[in-house]
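Shown next, in structure tokens, is the structure this report addresses.
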Amino acid sequence: MTSGLGATMVRAGRRLLSSLPALFGVLVFTFLLMRVLPGDPAVFFASGPNAGKEEIEQIRKQMGLDKSVPEQLVFYLSDIGHGNLGRSMMTGQPVLKDLRERLPASLELTFTALLIALIAAVPLGVIAALRPGSIIDHGVRLFCALGVCVPTFVSGLLLIYVFYYLLGLAPDPTGRIDVFTSLPPQRTGFLSIDFLLAGDVEGWWAACRQLILPAVSMALFVIAPLARITRASMLVSLGSDFVRTARSVGLSWRKVVVTYALRNAILPVITIAGIVFSTMLGANVLVEKVFSWPGVASYALDALLSSDYAPVQGFVLLMASLFVLVNLVVDICYGIADPRVSIE
Amino acid sequence: MRFVSFRLASSVLATTALLLIAAAPSQAQTRAETLRYVTGASVNTLDPNIPGSTRESFALSMSTYDRLVAFGRKQLNGKWVFDLDTITGELAESYDVSPDGLKITFRLRKDAKFQDGSPVTAEDVKWSLDRCVTAPILGKAQLLTGSLTSADQFKVIDPLTIEVTLPKPDKLALPNLATVYPMIINSKVAKEHATADDPWATAWLKEHTAGSGAYAVESFKPGEQVILKRDESWNRGSANKPAFFKRIIVQSVPEPATRANLVERGDADLVLDLQASDVQSLEAKGKLKVISTPQYNAVTFVSMNNQIPPFDNVNVRRAIASALPYDDMFKAALFGRGAPLFGATWADGKPANGIYPFQQPLKLDLDKAREYLKAAGLPEGFSTTFSFNVGQASTAEPMAALVKESLGKIGIKVDIQKLPDAQMSTQINEKKLPFFTEGIVAWLPSTDYFYRNFYTGSQRWNYSSINNPDLAAIAQEARFEPDKAKYEEAGRKLNAMHFDLMPQVMLWQPNQDAVMAPSIEGYTYEFHRQVDYRDVSRK
């Protein structure tokens, strides 16, 4: 077991190292991309009723845009090397601080949504696979199709309309917590965990209530790929030799389906879950907008619209790093789900 | 068993009820004394002087800092709006303008204190005004419009008196001191955080406040929310009382539909910047108070670049002005919520007064438009682009479609261009857009100010790039014209020239729609187009 874990760690380290050139590429590419986009951010930010040429020049200098592009790139890379992602013109804060404050909000939302999606999708996929072609199978298919064809902002607005506006069951859809609730001391940045650590059950419940609607509207969108992949790989798994053998030796139905078939079918689900997670993190911008969720995606969109270079670059770098990390976690999960993967 | 569970349930119910009764009054109290204000944009700096600061930051600074003077308020068609012509003391107990108009002397209130408890002195005022005209901040360009350009102009006479000298009697000097930027900062505190590179503590003041305003900042999350708490010792409110609300929560909610839901459900007290359709339906339901004020210091227009052919031909511009479907545009873009600047009737063919903006005798008349096109030598029409920025899409998009359709009827082929905000402002700055829609606002809406800033020079705000020496000369002269009748005459002349030259077509003044709980009172339309939290109270 120790040697297995050790091997996994070595593999993980090697994977991490090999992804550095890719990260560097992303860094340079985003930098150049932002510079070729039309629109001068200095002009945009000098938009006060009296901002003239002088103010524009001043902002340009402040943003480092008065230098040539290669020079800017060198400064930018050296800043990154020192852990400085620059300053956002929009919020007036260092980008690193903004991202650090906002990332937990996005992660908490995405994790919750993924969890809801998995809890719903895996059983749905399994049920569909056990009775292929039946009414249940078609029902699952219909549900998945509905989930994936309704855009997240539509389902979000619908959920708000029904549960907040009409029924009054959900709290007001603004941010992570009711404005009148005092926040717990920050430990993880995940409110649902921080409230528990602080022993504040009421606050925890408030945070969870706030989380449900946005998480569900995101989950609805990704249930389809997860359920479909579960169904497909369960079908393969159920039709394979070892399941037939397990059945023939008279093992219980439960043991056959859960321990043998599902365990073997779960690998592709983990892969897809990893990909789904990474895309959700960046793509939940609409959900974040609709629910005024103070996450990184809506932050990046605002920055992009106003050509605020530093936050966009910081966001892309963050996403690239997270993608590398998620891939790594998926690899490790593979090792746990199927020990053969660890042996190279 | 059933009996036990019933007893259990009833005791739980009773306890809950008791708890609720016990908790209700105290909770209701705090809620009643809190104003929850939701807005689309966000506060991005605590010092409005920082380039890039938002309107929300302006409003915030009005409550966290005091200025020497403030605008009064007046009723306009039954609604409260700020009054440019009444300047009252804020930190100044009184002020005197010397007979030649070159000296303004301010006497400070003896009881005014900063939020750290130290008294407000003339030294602080001087430091703050010096900062405004010296530091590389937004205040510099603003105060320039009131002939305030150098630190030498501010002189401390004694700890409670400060004197401002002007090179010329400028009627915008005093109003300028009531705008957002020249706020009075606690100079001792600020100096402690100044550095050699940053002698005016701009970096520190961006994230901290050191003012004497009605509210102190309790928590500040850029892009999310700001919570303010009342300064109990502040007494510059009505009847020398502190501000009404104990706490103010300023929260960013980007989705306008959600903002409408929040105020309708009673979770938010006050909302601005809703979609016109939402305001209309909320108004129809009649449960909320809706105060719609035409933004009398703002104008939305269709602009033409007077230097780019064919718009350099006055007849082409007149043709466009005759071919715009005004009524349809007004309905489609704003649901008629605003003050139209078209459709006037000028009996003698002359502007009724010298106030800008003014209503022009424009209406859709395609035959007239065709005549103008013929006069311009373009009877077959031409092709052009019509641009607007994404940020204004909800009003500009339906408008653009109508412009395209109507101009198509006289042979002008219009290609609609929807540009990201930064790209639009860049192109405007470089004077590259031939035909587009934009909006302008002036904090100090006097006729000469509008004409000087928006119709002369090569700066970005001269959207139409008009270059008319006569117009520029009259506007410059009017600035220092002390005689009211002569000033009015100059304004009349400028307005007549505007209609004749038609550099751009003024369309309307959109409404500022403030939707609020019925219990909220005192809302006033302010020059910065945001809520001044000190104005409002709860019944």
Looking at segment B:240-253, is at least one residue farther than 17 Å from B:Val531 by Cα and part of a strand (DSSP E or B)?
-> no
Result of the Cβ filter at 8 Å on segment A:161-186, keeping first residues that are facing another protein chain (nearest Cβ under 8 Å) and partners that are in a loop (DSSP other than H, G, I, E, B) and open to solvent by 80 Å² or more (accessible area, probe 1.4 Å), at least 6 apart or interchain, is A:Tyr164/B:Arg265; A:Tyr165/B:Arg265; A:Gly168/B:Arg265; A:Asp172/B:Arg265
Failed condition for B:Gly457, given (1) open to solvent by 10 Å² or more (accessible area, probe 1.4 Å); (2) on the phi < 0 side of the Ramachandran plot, with all others met?
-> (2)
Inside segment B:271-292, the number of residues satisfying the requirement of being crowded, with 22+ Cβ neighbours inside 10 Å and either closer than 17 Å to B:Glu33 by Cα or within 13 Å of chain A (Cβ to nearest Cβ) (or both) is 1
Tell me which residues, restricted to segment B:407-442, are at the interface with another protein chain (Cβ under 9 Å from one of its Cβ atoms), over 28 Å from B:Pro294 (Cα atoms) and open to solvent by 50 Å² or more (accessible area, probe 1.4 Å).
-> B:Glu430
How many residues does segment A:243-300 hold that are part of a helix (DSSP H, G or I) and over 27 Å from A:Arg228 (Cβ atoms)?
-> 7
Across segment A:97-129, what is the number of residues that are within 14 Å of another protein chain (Cβ to nearest Cβ) and buried (at least 17 other Cβ atoms within 10 Å of the Cβ)?
-> 8
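So, in segment B:210-223, exactly how many residues are in a loop (DSSP other than H, G, I, E, B) and either away from chain A (no Cβ under 12 Å) or buried (at least 23 other Cβ atoms within 10 Å of the Cβ) (or both)?
So the count comes out to 6.
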Does B:Leu102 satisfy the criteria of being surrounded by fewer than 17 Cβ atoms within 10 Å (Cβ to Cβ) and among the aliphatic types (A, V, I, L, M)?
-> yes
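Let's see how each residue does on (1) open to solvent by 10 Å² or more (accessible area, probe 1.4 Å); (2) over 30 Å from B:Lys484 (Cα atoms); (3) in a helix (DSSP H, G or I):
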site	(1), (2), (3)
B:Asp130	yes, yes, yes
B:Pro136	yes, yes, no
B:Ala141	yes, no, yes
B:Ala196	yes, yes, no
B:Leu205	no, yes, yes
Residues of segment B:239-262 being within 7 Å of chain A (Cβ to nearest Cβ) and either closer than 16 Å to B:Glu283 by Cα or open to solvent by 30 Å² or more (accessible area, probe 1.4 Å) (or both), which ones?
-> B:Pro254, B:Glu255, B:Ala257, B:Asn261, B:Leu262
Scan segment A:44-61 for residues that are within 8 Å of chain B (Cβ to nearest Cβ) and at pLDDT 75 or above and jot them down.
-> A:Ile56, A:Gln58, A:Ile59
Just give me the residues in segment B:143-168 being within 14 Å of another protein chain (Cβ to nearest Cβ), surrounded by fewer than 20 Cβ atoms within 10 Å (Cβ to Cβ) and assigned to a helix (DSSP H, G or I), in sequence order.
-> B:Leu144
Could you say whether any residue in segment B:506-513 is surrounded by fewer than 20 Cβ atoms within 10 Å (Cβ to Cβ) and in contact with a Pro (Cβ under 8 Å, 6 or more places away or on another chain)?
-> no
Being among the small types (Gly, Ala, Ser) and open to solvent by less than 20 Å² (accessible area, probe 1.4 Å) is the filter; apply it to segment B:169-194 and report the residue that is farthest from B:Arg479 (Cα to Cα).
-> B:Ala190
Somewhere in segment A:72-80, is a residue open to solvent by less than 20 Å² (accessible area, probe 1.4 Å), among the β-branched types (Val, Ile, Thr) and either over 21 Å from A:Val28 (Cβ atoms) or free of Cβ contacts under 8 Å to residues at least 60 places away in the same chain (or both)?
-> no
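The values are calculated or read from the model by the stated rules, or taken from the named source; none is laboratory data. Bear in mind that the values here come from a model prediction, so they are computed numbers and not experimental data. FYI the Cβ positions are ideal-geometry reconstructions off the backbone, even for glycines, and counts take in every protein chain you see. All accessible areas refer to the heavy atoms of the entire protein, side chains included, with ligands and DNA or RNA removed. Shrake-Rupley method; radii C 1.70, N 1.55, O 1.52, S 1.80 Å.
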